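The values are calculated or read from the model by the stated rules, or taken from the named source; none is laboratory data. Fair warning: this is a prediction, and the values are worked out from it, not measured in the lab. Here the Cβ positions follow ideal geometry from the backbone for every residue, glycine too, while neighbour counts run over all protein chains shown.
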Amino acid sequence: MKVFLTAIILAFTGGALFVNLGSIPDSFLLSHTASRFYREAVVTETGALNTVSAILYDFRAFDSLGESTVIFATVSGIVLLLSRKTLPVSSAGLSLIVKRTFGILTPFVFLLSVYIILHGHLSPGGGFQGGVLLAVITIIFCIIYGSSFDLSRYPPQRKTLIETTGALLFLGVGIIGIALTGSFLGNPSAWRGVPGTLPSAGSIVPINLGVGLKVGAGLAIIFYSMIQKTLKRQ
Amino acid sequence: MTLLEAFLLPLLLVIAILVVAFRDLLSSVITLSVFSTVLAIIYIIHQAPDVALAEVVIGSGLMTAVYIAVISKIRTYRQTHKRGEKE
Amino acid sequence: MIYSLCFVALFMIGLYSILAQRDLIKMVIGLNLVEGAVFFWTITMVREAGGVPIVDLAFPELPMVDPIPQALTLTAIVISASTTALLLTIIVELNRMARTIEIDSLKGLRE
Amino acid sequence: MIFSPLLLILLPLGTAFLIPLVDLFHVETRRLMVIISASFSLFLGFAALWSAWPELLAGTFFHSYHLSGWLPPLGINLAFDSLGLLFSSLVTLFSFLIIVYSIGFIGHHEGKYYVLLFLFQAGCQGIVMTGDIFNLYVFIELSAITSYALIAFERDRSSLEATIKYMVYGILAGVFIFLGIIIIYRSLGTLNIAEIADNFHRIPLTLQRTSVVFLLTGLLIKLGVFPFHFWMAKVYGSAPASISALLSGTLAKVNIYILLRLFWVGTGFSVLREAGWDRFLLGIALLSTILGHVLALREREVKRMLAFSSMGHMGMIVAVLSLNTPLGLFAGLLHAVFHALMKTGLFLSAGYFLRFREGPKEKRFTGAAYRKLPIFIGFIIFALSMIGIPPLNGFFSKWFTMQAFLEKDVYPAIALIYSGNILGLIYYLPFVRQGMLGKESIMKQKSTSSPTPGFFYQERFVTTVVYILILLVMSSGLLPFVFQEPFEVMIAELTEPIRYIEHVLGGIIHE
């Protein structure tokens, strides 16, 4: 009975979806849209080359603020849910070769993530992707060396500090925008350099940095509190 | 619609079916990470490198790690629980 | 057209996984599939041909695809990832309390 | 308006960011900061209402803010009109009350709790103010995620199960809303609500309806109207009382705002009417009313009973709004405001009593009257107002609701209001009786000892908030006609979306 019902629901929904979404003609698109403006004016208006980054951190920067706040809320929620007396786990199973290999690899991952964060306005990537890569370093530490190593190197308090710094950096850039351009999260033209070079694109670079720190530290906290072993059950 | 895509789209569907069909949670999660990777390749074909990067890093990197952590936790609880019953 | 077909198929596979599974984690995986299907559709329904949405300073006039859906999808991917992480955490906690993640043996989910 | 509406979003957001930082150094400072920040945002809300009042009466109130300095179709804009002002004031007021209540009510993990509460407030303010449909989605997700974490706050089995249930529905609702937004973007190439409102009729009919179906499904799941009501009782029953109050008092009303903003202004109501879906909406909303009142009858647990009653009243609000007459909209808005006051009061006063009893939740209400009589009388007043006894505010909103239904000859709905009142009497009475007839000795014993060792419990905060709510319910019942004039302005804005479009898009010319 249940399978039958599920099949009917699925068939009905699928059919309706396919009939309606099969093809969307585009003849009624507005003639001057935001998208067209972004594509034409991205370099002159923001100094960034990567249009997606320009949209995320300049044209629609408020969305990114909301989005990184979502991550912040998730981190708070998960820490709240998993806050019990905990015991860090140390891993002993992996051989010296594995540990050494990853020990050599980790600085490069770090370098890559910093590159992705700082070049967000020039090449694919940006604060979110680079921040997640930063968090991946924590995962590597936790898996290879055990979370007690991670705990001794980067205690949760420091991660919280980094996360809050990132969040406040984002807000701070927004408020500086009020002072310099008159609107929240505005991109001050004084900060723009030659398009194509690293210190161009005005406020996009510091916002990228803030988002990167926030996302990286936040996701690291999430993963860290997930793999901990609890000291006492219930 | 390139030749590569003609190969990738059916692959995507097959992988999605496999994700649902696997009984073992771990295989299901690993397949989900493959699903993310294939999705990322399709994004690159569709000129969306930013999204592809995010999908690879989040979908097949971070989320897989989180899933595996969760599954291992659940299994540990089950094992300790069973042992507790026997003793 | 073919992308819509693919999208609908993926969406249905995900919905099936949500509706018919007996395991909470499988349900979360189904939610991930549904979200993946929607993002897939958003990216693949390109309206006009064009290149990567990154300006090449040597050829600034080259056409590029619509960058807004990509930005929106990026935002939505991050949101969906954090929601999934929260959901998984809650499932772990529930497993600690109830010692099971089978939907049928969790009476509280059926009320 | 002397300040920008942006501050109403940024203040709670900044507070939430600062709390973990302050928590690392000094806990007492954090407590002080929470109180100061909450009072300051209440002050801002009041200042906004005060300075906007003359413009509101004149019907010219509109305030917009262009984020990043980009004009509306290009960037994200905040569009703060009189409807937004009403709901923003609601959010400010209730967030403040709940924060003050929580100071006495929540005893553990306070740091994260307040982070989530402030983020929730920021999310709701963002929903109310934004003029961009995707930004709306981001803020919907923000308020949803914070509410998930807050519902699971108790971390016992039933609250975790409730959260899982709510989250699965919530995530699906989010996916549907995203899909609806993407369809609109695909067909129009814009995300600005005003521009969508201006051009929505250009989309082919099937796509119009598809996007409306997705958005409507997502919203109905969030509202908990009939086919999607499964999560409500469980969630409201197992969350802490302050959070249940926040969900039914604030989040549900914000969802009503989204409904109004998207379907009256965004797509235009004619889309719903031409498809015949306003009748459908009316039908399922009325069904949800019956179901809510009937299911409330068999509940022995006070918060679950309140949840079903809330479902009944939300159904009534959606039903009367879907009539789309000026009187119907007036009644719906009035009932939304009054219901928020009454239900918050009910949850908060019930939560006060539930705090003092161990053991099964169904029996904890016994002997409540002997614990603290004024709060118990307050509970009775809120219940009477819910039932619709004349001098209290519930009577007036039900009166207007009835007139709106009469005007459109929807007689079953009128019968429903009457039976809802009678059923309400039946399902509130056992709790009042239980409160008065319980064993005195148990309650007294409980009250002399502190609930939990080392518990930071300041009862005065909790009782003060309940007294304030009693005062608000009684005074708004005495002068319901204060609402008449500003509401007429809001209704004019809803029925003529062209005003919103002109305000937002201003001097920009388009084809």
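Annotations
- Qualifying positions in segment C:74-105 - farther than 21 Å from D:Ser147 by Cα and in contact (Cβ under 8 Å) with a residue 60 or more places away in the chain: C:Ile101, C:Glu102, C:Ile103, C:Asp104
- Filtered residues of segment C:1-22 (kept if more than 7 Å from every other protein chain (Cβ to nearest Cβ), not basic (Lys, Arg) and not in a helix (DSSP H, G or I)): C:Gln21
- Scanning segment C:60-73 for residues that are among the β-branched types (Val, Ile, Thr) and more than 7 Å from chain A (Cβ to nearest Cβ), we see that the one that is nearest to the chain's Cα centre (by Cα) is C:Thr73.
- Taken over segment B:59-72, the criterion of being buried (at least 20 other Cβ atoms within 10 Å of the Cβ), in contact (Cβ under 8 Å) with a residue 24 or more places away in the chain and under 14 Å from A:Leu133 (Cα atoms) is satisfied by B:Gly59, B:Ser60, B:Met63.
- Residue within segment C:80-98 that is over 21 Å from D:Arg155 (Cβ atoms) and at pLDDT 90 or above present: yes
- Scanning segment D:171-203 for residues that are part of a loop (DSSP other than H, G, I, E, B) and either under 12 Å from D:Thr267 (Cβ atoms) or among the aliphatic types (A, V, I, L, M) (or both) yields D:Leu191, D:Ile203.
- Condition broken by D:Glu274, with the remaining ones in (1) in contact (Cβ under 8 Å) with a residue 12 or more places away in the chain; (2) out of contact with any Cys (no Cβ under 7 Å at 6 or more places or on another chain) satisfied: (1)
- Of the residues screened, D:Ala252 is one that is closer than 25 Å to D:Tyr500 by Cα and part of a helix (DSSP H, G or I).
The rows are residues; the columns are (1) over 25 Å from A:Leu21 (Cα atoms); (2) free of Cβ contacts under 8 Å to residues at least 24 places away in the same chain; (3) more than 7 Å from every other protein chain (Cβ to nearest Cβ); (4) polar (S, T, N, Q).
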position	(1), (2), (3), (4)
D:Val115	yes, no, no, no
D:Gly131	yes, no, yes, no
D:Leu136	no, no, yes, no
D:Phe139	yes, yes, no, no
D:Glu154	yes, no, yes, no
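- D:Ala173 passes every criterion in (1) closer than 30 Å to D:His66 by Cα; (2) at pLDDT 90 or above; (3) at the interface with another protein chain (Cβ under 10 Å from one of its Cβ atoms) apart from (3).
- Residue satisfying all of: in segment B:42-58; within 16 Å of C:Phe7 (Cα to Cα) and within 14 Å of chain A (Cβ to nearest Cβ); surrounded by the fewest Cβ atoms within 10 Å (Cβ to Cβ) among these: B:His46
- Qualifying residue in segment A:136-155 (condition: over 19 Å from A:Ala61 (Cβ atoms), among the polar types (S, T, N, Q), crowded, with 20+ Cβ neighbours inside 10 Å and touching a residue at least 40 places away in the same chain (Cβ under 8 Å)): yes
- Members of segment A:175-227 that are more than 9 Å from every other protein chain (Cβ to nearest Cβ), within 12 Å of A:Gly131 (Cβ to Cβ) and not hydrophobic (A, V, I, L, M, F, W, C): A:Asn208, A:Gly210, A:Gly212, A:Lys214, A:Gly216
- Taken as a whole, the structure places D:Val212 among residues that are more than 30 Å from D:Val302 (Cα to Cα) and more than 10 Å from every other protein chain (Cβ to nearest Cβ).
- Each residue in segment D:406-429 was checked for being crowded, with 17+ Cβ neighbours inside 10 Å and within 16 Å of D:Ala296 (Cβ to Cβ), and 8 of them qualify.
- Of all residues in segment C:39-59, those satisfying the criterion of being of a type outside the set (D, E, K, R), more than 17 Å from B:Ile45 (Cα to Cα) and either more than 7 Å from every other protein chain (Cβ to nearest Cβ) or touching a residue at least 24 places away in the same chain (Cβ under 8 Å) (or both) are C:Ala58, C:Phe59.
- Summed over segment C:20-52, the residues that are farther than 28 Å from C:Ile101 by Cα and touching a Cys at 6+ places or on another chain (Cβ under 9 Å) give a count of 3.
- The residue of segment D:49-69 that is nearest to the other protein chains (Cβ to nearest Cβ), among those that are closer than 23 Å to D:Asn135 by Cα and surrounded by fewer than 23 Cβ atoms within 10 Å (Cβ to Cβ), is D:Gly69.
- The one condition in (1) farther than 19 Å from D:Ala336 by Cβ; (2) in contact with a His (Cβ under 7 Å, 6 or more places away or on another chain) that D:Ala122 fails to fulfil: (2)
- Residue match in segment B:32-54 (condition: small (Gly, Ala, Ser), within 24 Å of C:Leu87 (Cβ to Cβ), modelled with pLDDT under 90 and assigned to a helix (DSSP H, G or I)): no
- When residues of segment C:99-111 are limited to those that are farther than 23 Å from B:Ala65 by Cα and more than 9 Å from chain D (Cβ to nearest Cβ), the one modelled with the lowest pLDDT: C:Arg110
- Any chance D:Thr217 is surrounded by fewer than 24 Cβ atoms within 10 Å (Cβ to Cβ) and at pLDDT below 85: no
- In the set (1) part of a helix (DSSP H, G or I); (2) within 12 Å of chain B (Cβ to nearest Cβ), the condition left unmet by A:Ile162 is number (2).
- 3 or more residues modelled with pLDDT of 80 or more: qualifying helices (runs of 4 or more DSSP H) within segment D:400-511: D:411-437, D:459-478, D:484-495, D:498-505
- Residues within segment D:18-43 that are within 25 Å of the chain's Cα centre (by Cα) and either more than 25 Å from D:Phe461 (Cβ to Cβ) or surrounded by fewer than 17 Cβ atoms within 10 Å (Cβ to Cβ) (or both), tallied: 5
- First in segment B:19-44 and within 19 Å of C:Phe39 (Cα to Cα), second anywhere and buried (at least 21 other Cβ atoms within 10 Å of the Cβ) and of a type in the set (Asp, Glu), Cβ under 9 Å, 6 or more apart: B:Ser36/B:Glu55; B:Thr37/B:Glu55; B:Leu39/B:Glu55; B:Ala40/B:Glu55; B:Tyr43/B:Asp50; B:Tyr43/B:Glu55
- D:Ile133 out of contact with any strand residue (DSSP E or B) (no Cβ under 7 Å at 6 or more places or on another chain), surrounded by fewer than 24 Cβ atoms within 10 Å (Cβ to Cβ) and over 17 Å from D:Ser248 (Cβ atoms): yes
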